[in-house]
Each structure stands twice: as structure tokens, then as C-alpha cells.
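To start, the structure under review is shown below, and the notes come after it.
Only the coordinates and a few stated rules stand behind these numbers; no lab work does. Note that the structure is predicted; figures quoted are calculated from it, not measured. Note that we place each Cβ from the backbone using ideal geometry, even for glycine, and neighbour counts take in every protein chain shown.
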Protein chains: 2
Amino acid sequence: MKVIIAGAGFMGTSLGMAIARAGGEVRFMDRNSEHAELASARVGKTFEGVGDLFVAAVPTHSLSQVIDDAFQQNLAMSFTDLGSTKTNVQAEVETIGAAERFCGGHPMAGSERSGPTGARSDLFEGRPWVITPSEKTNPASLALVRELALSVGALPILLTPEGHDRAVAEVSHGPQVLASLLASALQRVDDTHLAIAGQGLRDTTRIAGSHRDVWAPILSTNGAVIAAFLEPIAEDLHRVIDSLKAGDAQALGALIARGNVGRERIPGKHGSTTREYDQISVLLPDRPGQLALLFDIFGELQVNVEDISMEHSPGLPAGLLQLSLPVGRGAETVEALIERDWRAFTLSG
Amino acid sequence: MKVIIAGAGFMGTSLGMAIARAGGEVRFMDRNSEHAELASARVGKTFEGVGDLFVAAVPTHSLSQVIDDAFQQNLAMSFTDLGSTKTNVQAEVETIGAAERFCGGHPMAGSERSGPTGARSDLFEGRPWVITPSEKTNPASLALVRELALSVGALPILLTPEGHDRAVAEVSHGPQVLASLLASALQRVDDTHLAIAGQGLRDTTRIAGSHRDVWAPILSTNGAVIAAFLEPIAEDLHRVIDSLKAGDAQALGALIARGNVGRERIPGKHGSTTREYDQISVLLPDRPGQLALLFDIFGELQVNVEDISMEHSPGLPAGLLQLSLPVGRGAETVEALIERDWRAFTLSG
């Protein structure tokens, strides 16, 4: 596949690298010629002439202009974009008469990084790629965008442009607003109180670290849809505040229970990790080579580590390693580690 | 130190193990005699007679009864608890005339686990332990609780009972309510929309998986304080919904910016990880022994892995390992890995 990518930023360059890895050819365009050169150098395989597919990988506010230009110059057979909202782009594309050859898209991958330097060819692997054909989109354009997504290892998901915008309002834009509101309220909290914050506050506010320049256009473009998602939450919040003032344990317990049910509806590994694996933890002395020693033991025991994470306790001489092992292997592995003078613990119980 | 712990659950047993490790002696009490026996067996060092300190490690609703009984029987010189709210316990303690010998506490550590089996002697290491003396608390009792916290590796933080309850409303209970409300709203979201959820939604709703039985009493006990924290957020939410409806990019950008500022006020490693380390990522083939091979290479290169996490892409043949290396070691390590036919990437840029 011959792909023209307008925008040699983090997303565009990562896409180009992934396409080249899958055997495709890529030509970059960017107002910043250094970015275009660097991206081209990282990707290698380029081509001349008309492309199969034109990908607009530019910020929201430039999307329609970039697609319009490419369409007027007839740069490719079909056109797509990577924008975070879809109905607005769709409307623009219909205005310029490009609707048949356009099929919008939105890969659910990204990063706080920008520019071509940090781009990664594995960015899209295993990630959903929402594809949003309109009623006017021709089958060839839809097929090309689908092929693009599959070729870079993404999982294509078909939604209408309207369905997409509602979905991202629900799973991304709405949560972003709530995280930013909560983090914003921390401005009014004493330092001594923030000192006792745990992982819960860090998790719930992590995305509040997002960039204003990225999010202001997304939130304003999809504003009405996000507002529709948040309004019932605002009503719920008032009811919960009343329950809190009344000390109504039953109503507050019901809120937690409803949250449990909603939380379990999110697909993915995070809901099921504890059921699928034996969890063990190992204290890791803060000396070089300890992980290597540990994994040599796992090799000797022929136990496969399915997941791993490390918790540092600043100022203490040891980190805590959390490991997921195949079911049934946890207890014996801990025993074997303890025999070898490691401090290891099972976490089930 | 001789410590009597009432409640051989996850917290109480973990505390007992930590005390024993630090050289102290522990006696457990629990209505569930199997739990008390198991906890005693894990800890080993017990004692007879009066304790230096009595620790009530029971659920919120039983705290005052357990402290009352222990005080009437004069089981120890001083008394403390591990409860999640403090003004209510303080009020009860004053009613029974135990205020001088009581100094409340709340270690900011925990887990979704329960029972003595999964208890961990390192649970409190590096964690804040809020200590809440009242004006009546005698110096010996305050000193004992402080010594207890220090001996198990925790970081003592002094707050008044009222200050504590406000702090946990701000950094824990309020975020819990918002996470549960957001997760609860996911009940109204289509499966096809949830399929595109990313890490942001998982992070913001993780604590919505908390147990109703734990949280209903906490939220109802501290309800008025939590409501006072949430009311301005509810007002902000209405203003943001108006901005969303108006598509007011400037106001929405200002929200994100305020969130950035609040987020940066949270202390801890999570705000600064990316600055302190070189981040690299390595694709890990789904075959046994790959981690061992990898860490052998790190040993050979004499590079110390400071942090590690693994991202599984379900259905794909490789996981993505994220590693933090000492500053300056990232690029050369990636190069060395690529020379050895690993797929490795630097993440800075």
C-alpha cells in the first residue's frame, strides 16, 4: 500500500514506521520540513506520484484544510484522518464533495509525546482503531482504511461518525473532564493533606496531566455530546451529596455497588488479572543484577512470568516486585525463592 | 514493644508481622479463633499480661466497642486504632473516659485482600501513617504510636482528628465517590463503545472496584466532610457543562490547565518518573525464559533496571516491556539489544 501521511508528528511518524514495517510505502508531508525529513529517514521506503491512501495526521483545527488541499490536488484514491472527533470532519468533507472517497478513522493509541523523535512502530499493535464510514463512503475507501489498520496490528471497530463521537465522550472525553475537575479541586487542598495521597488519587487524576492544546479543541468540538454524558452524572452527584449529608450508608453502599457493576463492564486484562494468575511478590534488594539472578531462578524452575510490575518505596533499600505466574505455580515458586534466601510472598488469600 | 492487636485480618496481621520483624512482641485477639491462631503462628513472638499498646484493627462499626472493652479490662498502657475516619472514634473514646491514653492512627496502606493469609510484613514500608492525637492525649501514648509507625517503616504524619477526616475526604473519599459515579454511568454505555476504552478510563475508574462493605460505613461516617469537598466540584461541573454546550474552547482549555496545576501538587514518584530515568521499551516474545535472557543481557551490560512494567496485548504474540534505566543508559542499552536481535525502542523524544 502506498500511503501519503500529512503530519510528521508522533502519530503520523509512528503510523509511517508501522506501515513500512508491514511492507508498505510512505511519503510524508509536513509544514515543518525537518520533521518531514526525520520521519522519512526513519521510515525509509518512499514513493512518487499518487497514493492509494491519504492520511491526515494533523491537529483537529487543521484537519479540514489539509484534507481539502489533498482532495483538490487529487493526491490519492482515498482519504482518511486520525482525528479525535469525527462528525465535524465528516461534515467538512461533505461540503467539499469528497464524501465518497473519504472514510474517517481514529486509532485509540497515543502518548503525551509529540514530534517524530519518539515515534514507535508498535504504537497501534493490539489497539482499537475506530473506522467511521458514512453512508456515502465507497467500499474501496472503507476497505483501504480497514487494511491499513490491520496491517499495523490494530483492531478495526466500525462505528458511525455520530456513534464514535458518543463513544469517545463516554470512555475518554467525559472521564477527562471529571479527572480535570477533581485535580483542579486539589488546588484548594493543604500540602499536609496531599502528603497522605495514595495510588487512588494518582490513578483518578493521571489524565488530568494532559495538554491543554490537545484537549481544548477536542472538548469544544464534541462539547454537546460530552455535556449529554455528564448531565446525568451531575444529577447523580447532587443526589450523592444529599446522601453524604444524611449519612445514608445504604444509599452510599448502593453507589459503590453500581460503580462495581459499571467498572466490570470495561473489557480488557485489568478486570480479570487476579483471577487468571497466581500473584506473588518479591522484595528486590537495591543492588545491580538482582533481577537477572531472580529470572535465572525462574528459568531453573521453568516458571513463566506472565506479568510484572515494580513498586519503589523511595528511601528504602528494597523495591517490591509484583509477579503474575501461571495458576498453580505461585506457592511453590515462593517456597523455592525462600529456600534460596529471597523474601517472597504469595498474595492470594 | 509489646502490642496487643484486636482483629487478625489483613491489616492487623500485616501489622503484627511487621512489629515482630522489628523485634517487638505481639498478641492477637479475634472473634474468629482460626484467624487469631493463624496470625499468631505467622508472627511467632507472643507475650502474656499487659501490653504497652493496644491496637484496634477491626472494621469501623466495631471500633468503639472493641476499644471500650480493652479500656475497661485495662489491657494496655495506651490505645490506638487503624480506622479510616478519626473524629467519630475520638468522640467515642472521650465518652468512655479513655481520651488521655488514646491516640488515634490511620496507616495509608491497604489492599482489596482480607483475612490473615495474604498479610505482608512490608505493607507499611514507606507509607504515610497519620497520627491524630487530641488535646487530651498524653505524651507517652503519642510517643508509643509514633514509635510503632516508625518501627514498621511507615512515615508518621501528625494531624488533628478533624484535619485527618478532611484530608481523607479530599485525597481518598471524594475521589472514590467520583470514580464510582463515573463507573456507574458506564452502565448506560453500549458494549461497542466500551470496546474502545483505553488506559484513561481504566485508571479513572480503578477504585470503583472497591468493596461496598468497606466503603458504605466510611462514606456515611465522614459524609458531611466529603459533601463539603464535593459541593464546589458539583458547581464547577455545571459550569463546565455550560462551556461544553457553548463549545467554549478557551474556558475548556482553562479547565485542563487548572487540572494540570492541581495534578502537579500531588507529591510522589509518579509526577517525576519520566524526568529521572531513561525510558525504553522492549518487545517480549511470548515464550518461556525470555525475561531471563533479557536480564542476563542487562547483567552483562551492567545496567540497573530501576522500574519495570509489562503491557500485554491480548491475542498478539508479544508483550511490551517498559523499563526505566539510569539517565544516560537508555540509548546504548537499546542499541545493544538491537544488536542481539531484540526489538527495543527508546521512548524519550
Label point 7 Å beyond Cα along the C-beta direction, distances from residue B:301 to other copies (nm, shortest first): 2.6
Amide H contacts under 5 Å for residue B:28, placed H, 5+ residues apart: B:5
Ranking of A:106, B:211 by count of other Cβ atoms within 10 Å, fewest first: B:211, A:106
Of all DSSP beta bridges in chain B, antiparallel share, percent nearest 5: 50 percent
Spatial separation of Cα centroids for region B:222-262 and region A:28-65, in angstrom: 38 Å
Built amide H within the under 5 Å cut-off of residue A:130, gap 5+: A:106, A:108, A:157
Average beta-carbon neighbours from other chains, 10 Å sphere, peptide B:294-300: 5
Gained length - residue B:31 relative to residue B:147, 0.36 nm times residue gap less alpha-carbon distance: 39.0 nm
Estimated inter-spin distance, residue B:190 and residue A:287, nm [label 7 Å along Cα→Cβ]: 5.9 nm
Computed log₁₀ I(q)/I(0) - Debye formula, equal Cα scatterers, no solvent, region A:2-159, q 0.15, 0.18 Å⁻¹: -0.68, -1.03
Value in Å of the Kirkwood radius, where region A:115-188 supplies the Cα pairs that are averaged: 14.8 Å
Copies compared at residue B:340 - label distances in nm, ascending, label defined 7 Å from Cα in the Cβ direction: 1.8
Principal axes of chain B: Cα extent on each, largest first, Å: 69, 59, 36
The protein assembly as shown: C-alpha pair distances exceeding 43 Å, %: 31 percent
Fraction of antiparallel bridges per DSSP, the protein assembly as shown only, in percent to nearest 5: 55 percent
DSSP-assigned coil residues among GluC sites (Glu not before Pro) in region A:98-180, each with at most 14 further Cβ atoms within 10 Å: A:112, A:135
Other copies of residue A:32: label-to-label distances in nm, shortest first, labels 7 Å along the beta-carbon direction: 5.7
Nitroxide proxy distance, nm - points 7 Å out along Cα→Cβ at residue A:246 and residue B:338: 6.4 nm
Quarter of Cα convex hull surface for region B:164-264, i.e. mean projection, nm²: 7.9 nm²
Separation of the residue A:61 and residue B:47 label points, Cα + 7 Å toward Cβ, nm: 6.8 nm
Ascending count of other beta-carbon atoms within 10 Å, so fewest first, for B:194, B:291: B:194, B:291
Residues with amide H under 5 Å from that of residue A:82, placed H, sequence gap 5 or more: A:56, A:58
Ranking of B:151, A:184 by count of other Cβ atoms within 10 Å, fewest first: B:151, A:184
10 Å Cβ neighbours from other chains, averaged over peptide B:124-136: 2
Hypothetical label at residue A:77: residues of region A:141-184 whose amide nitrogen lies under 19 Å (7 Å Cα-Cβ projection): A:141-152
